Amino acid sequence: MNFLELAANAESAIAAHKAEAHAAQLALPLLLSGVPTWLGLKLAIDDLKNSAPQDCDVLIQLDDFSVHEVQFIEPHTFLFKGINGDGHNASIVCHFTQVKAHIIYRPKREANRMITGFAPDPSG
């Protein structure tokens, strides 16, 4: 391989590396964001809300914690408000990587159907 071929190969490798680095920089914010988790929670609630019996509540369950409202604090923090296992009002704050949620339905505990609410919605 002569010097010109070597230089062309080096320039090609550098250009490919720059393109890969640029693609990674574009993907990184989404990988470090809780938006996909937020959307997944909303989708799961909507799916179960549409299929669960009307005389049942549809909630996010975090261990023994029943979530009545979830708030997403961009870019990566969740605030869950609800009732703990002892029946007291409580909140949980966590990073999106710590969320391990169960979407459940259960017989209504009050006259009105309870469905976990999402506010404010960062996607508009």
Test for D64: is it surrounded by 14 or more Cβ atoms within 10 Å (Cβ to Cβ) and among the acidic types (D, E) | no
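For (1) more than 20 Å from D55 (Cα to Cα); (2) crowded, with 16+ Cβ neighbours inside 10 Å; (3) at pLDDT 95 or above; (4) of a type outside the set (D, E, K, R), each residue gets a yes or a no:
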{"site": "P75", "(1), (2), (3), (4)": "yes, no, no, yes"}
{"site": "G85", "(1), (2), (3), (4)": "yes, no, no, yes"}
{"site": "N89", "(1), (2), (3), (4)": "yes, no, yes, yes"}
{"site": "I92", "(1), (2), (3), (4)": "yes, yes, yes, yes"}
{"site": "A111", "(1), (2), (3), (4)": "no, no, no, yes"}
If we keep just the residues of the range 44-100 that are in contact with a Leu (Cβ under 8 Å, 6 or more places away or on another chain) and polar (S, T, N, Q), which is nearest to I115 (Cα to Cα)?
-> S66
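The values are calculated or read from the model by the stated rules, or taken from the named source; none is laboratory data. Keep in mind that this is a model prediction, so the values were computed, not measured. Every residue, glycine among them, receives a Cβ derived from its backbone with ideal geometry; neighbour counts consider all protein chains shown.
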